[in-house]
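The structure under discussion appears below in the form of structure tokens.
Quick note: the coordinates plus some simple rules give every number you see, no bench work behind them. Predicted, not measured: the structure shown is a model, and the values here were computed from it. When we count neighbours, we look across all protein chains shown, and the Cβ atoms used for this are built from the backbone with ideal geometry, even at glycine.
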Amino acid sequence: DKLDKFPEGFLWGAASAAYQIEGGWDVDGKGPSIWDQFTKIPGKTFQGTNGDIAVDHYHRYKEDVRLMAEMGLKAYRFSVAWSRILPSGKGEVNEKGLLFYENLIDELKRYDIEPVLTLYHWDIPQALQDEYQGWESREVIDDFDHYARILFERFKDKVKYWVSFNEQNVFTALGYRWEAHPPNIADVKRMFEANHIINLANAKAINSFHELVPNGMIGPSFGYGPMYSLDCEPNNVLAALNGEEFQNHWWLDVYVNGKYPKVTFKQLEKLGVAPSIKDGDLELLQSAKPDFLGVNYYHGGTVRANEIEFPLQESEADLEKDFQATDPYLMQPKEEQAQSPEKRMFANVSNPHLEKTKWGWEIDPIGIRIALRRLQNRYHLPMMVTENGLGAYDHLTEQRTIEDDYRINYLKEHIVEIQKALTDGVELLGYCAWSFTDLLSWLNGYQKRYGFVYIDRDEQDEKELERIPKKSYYWYKKLIETNGNLVD
Ligand code: GCO
């Protein structure tokens, strides 16, 4: 069948996050964030890597934007480091920090690259963590709003697309449940409480946005993975419904409709870990509707009926073990560290039909079509793919090129499925590949690379950080030139 063409003005982009690229962690008045502190704790990140220098984008943003322009990029998604704007999280503005982003935005616009600005990509100021435990205190709601309003006021005429929170599902789980991200906590009750407060902060900031930037669009970027049933056994199908609710609707229903889904809420109540909802909370949540949904897509998840009522079959045991042997990002339950409220709802297994990356992430291009279709049917909002990409080991050849055909294949397969989703009728504003340059993988250091542009850090002098466009850079350039219609 013939596929619809990508619409005119489709935003072909690439993405990044402040801590993963900027470096300059203490320059020009910037205060420390929770990541500046956390990466210094021995044993927390791969070989103790941190973002002190990262890829030094703070000092080389002009060079990076020039590479974006040469590639023909239509959009660039980046995040603002809260502690550059407000070094202690609140109070006086640090003008130098604001100026950095103003210069970056102006530079992008000089080349007609649409900025997509993320307010929060995981780096709350350490001062707020110290003062009142950051996202665990309701005080943060006003402080976040204050920070957001500074950016709205300053950039409302320059930036149209805004992302409020990046992957709230990921940073709350890893930070408060699995002790894998700051603030390094393993307490499921505290996770659900913090998550609720973040929902309130998100709603308040979205309302401020609609007041101050009436012509812009704002939405969260959610780390969405469609949940599949292992097979057609009805108990497994039911488990997949539970999984979809627990992993996805738990956040998305709140963003869009201001309501927590019931099956999960009841489970949490039974275990005494449901968030405390105060008078006025639901009204606030319901008053703030996003203008679009940002979708970060890497992979989905496969489940079977819960192990408590339905013991594993022999054939399933291997798939379960296989699932548990993967990356900490997949959040395998560590029972001794935390209760698992989802235990009665579903059990995770590996999908026997899918290959995995070197980091154990399933590769599932059709999943992105399923994702976009499910999200459109449930939430009826325009969407933007705000992340999608392949983390891999890349190697410099003797000619100093990077032949990353595996990345080209990965992106191509996903983009073809996106085009099918468009043909199905999905409304999509753009596609931001993750990432533009190589960057710091939060826990995996600099060996796990995602970029179109290689950063050479194998040289003696770490500060060289030469930028070398990969084969995928030239491929994406061509793709953009043909507005996505030439995928080979
Ligand atoms: C990593 C991750 C990140 C995320 C991104 C989420 O390896 O650290 O893949 O790069 O994709 O930060 O928004």
Completion exercise
Sequence order, the range 361-366: Karplus ³J(HN,Hα) from phi using 6.51 cos²θ - 1.76 cosθ + 1.60, θ = phi - 60°, Hz rounded, Gly and Pro as x, gives 8, 5, 9, 8, x, 4
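Where does the chain land at 222 nm, in deg cm²/dmol rounded to the nearest 500, when only DSSP H runs of n ≥ 4 count, each adding -39500 (n - 2.57), divided by all residues? Can you show the working numbers first?
Values: 17 runs with 195 residues, N = 488.
After summing the helix terms and dividing by the residues of the chain, the value is -12000 deg cm²/dmol.
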Exercise for the section: Measure off 7 Å from each Cα along the Cα-to-Cβ vector at H380 and K96, then give the distance between these two points in nanometres to one decimal. Expected result: 5.0
Practice task
Over the residues of the chain, compute the C-alpha Rg and express it relative to 2.2 N^0.38 Å.
Solution key: 0.93
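Using R₀ = 60 Å, calculate the FRET efficiency as 1/(1 + (r/R₀)^6) where r is the Cβ-Cβ separation of V27 and L271; round to 0.05.
Values: r = 46 Å, r/R0 = 0.76.
That gives a FRET efficiency of 0.85.
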Practice task
Would you please give the FRET efficiency between D187 and K343, computed as 1/(1 + (r/R0)^6) with r the Cβ-Cβ distance and R0 = 25 Å, to the nearest 0.05?
Solution key: 0.90
Practice task
Mind listing the long-range amide H neighbours of D404? Cut-off is under 5 Å, sequence gap 5 or more, other chains count too, H placed in the peptide plane at 1.01 Å from N.
Solution key: K471, S472
Problem - Test item: Cα-centred dipole of the chain, Lys/Arg +1 and Asp/Glu -1 on Cβ, debye - result: 860
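State the extension gain, in nm to one decimal, for the chain segment bounded by Q286 and K5, taking 0.36 nm per residue of separation less the distance between their alpha-carbons. Please report the intermediate quantities before stating the final value.
Numbers: separation 281, 0.36 × 281 = 101.16 nm, distance 3.59 nm.
So the extension gain works out to 97.6 nm.
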Practice task
Mind listing the long-range amide H neighbours of R77? Cut-off is under 5 Å, sequence gap 5 or more, other chains count too, H placed in the peptide plane at 1.01 Å from N.
Solution key: A14, A15, S16, V116
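Could you compute the FRET efficiency for K156 and N235, with r as their C-beta to C-beta distance and R0 at 45 Å, rounded to 0.05?
Values: r = 51 Å, r/R0 = 1.14.
That pair, K156 with N235, gives E of 0.30.
By average Cβ neighbour count within 10 Å, what is the ranking of 385-397, 8-20 from highest down? The partial results should precede the final answer.
On the way: 385-397: 19.7, 8-20: 22.4.
Answer by packing, highest mean first, reads 8-20, 385-397.
What length, rounded to one decimal in nm, is gained on full extension from Q324 through to R373, with 0.36 nm per residue of separation minus their alpha-carbon distance? If you can, show how the numbers build up before the last one.
Values: separation 49, 0.36 × 49 = 17.64 nm, distance 2.87 nm.
Extra length from Q324 to R373 when fully extended: 14.8 nm.
Only Cα pairs under 8 Å and at least 6 apart count here; give the relative contact order of the chain as a rounded whole percent.
After rounding, I find 17 percent.
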Handout entry: For the range 75-89, 3J(HN,Hα) per residue [Karplus equation, 6.51 cos²θ - 1.76 cosθ + 1.60, θ = phi - 60°, Hz, x = Gly/Pro]
Key = 8, 9, 9, 9, 10, 9, 7, 3, 7, 7, 7, 10, x, 10, x
Exercise for the section: Would you kindly state how much longer the chain becomes between D279 and Y132 on full extension, computed as 0.36 nm times their sequence separation minus their alpha carbon distance, in nm to one decimal? Expected result: 50.7 nm
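Distance check, please: which entries in K204/K412; K62/K448; K44/K471; K44/K321 exceed 28 angstrom between their Cα atoms? Walk me through the numbers on the way to the answer.
On the way: K204/K412 38 Å; K62/K448 25 Å; K44/K471 33 Å; K44/K321 24 Å.
With Cα atoms farther than 28 Å apart: K204/K412; K44/K471.
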Handout entry: Calculated from backbone phi, Karplus (6.51, -1.76, 1.60) coupling profile of the range 182-190 in Hz, x at Gly/Pro
Key = x, x, 6, 10, 10, 7, 5, 5, 5
Practice task
Would you mind checking which residues have amide H under 5 Å from C432's amide H? H placed 1.01 Å from N; only 5 or more apart, or other chain.
Solution key: G13, V385, T386, E387
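Percent of Cα-Cα pairs more than 17 Å apart in the range 381-449, please. Can you show the working numbers first?
Values: 1233 of 2346 pairs.
Within the range 381-449, distances greater than 17 Å cover 53 percent of Cα pairs.
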Fill in the blank from the handout: Fraction of alpha-carbon pairs in the range 338-380 farther than 11 Å apart, rounded to whole percent, equals 75
Handout entry: Proportion of all alpha-carbon pairs of the range 226-265 beyond 13 Å (%)
Key = 50
Problem - Cα→Cβ-extended label distance, 7 Å offset, between E403 and E309, nm - result: 5.4
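Pop out the Kirkwood hydrodynamic radius of the range 98-252 from its pairwise C-alpha distances, inverse of mean 1/r, in Å to one decimal.
Details: mean 1/r = 0.0580 Å⁻¹.
This gives a value of 17.2 Å.
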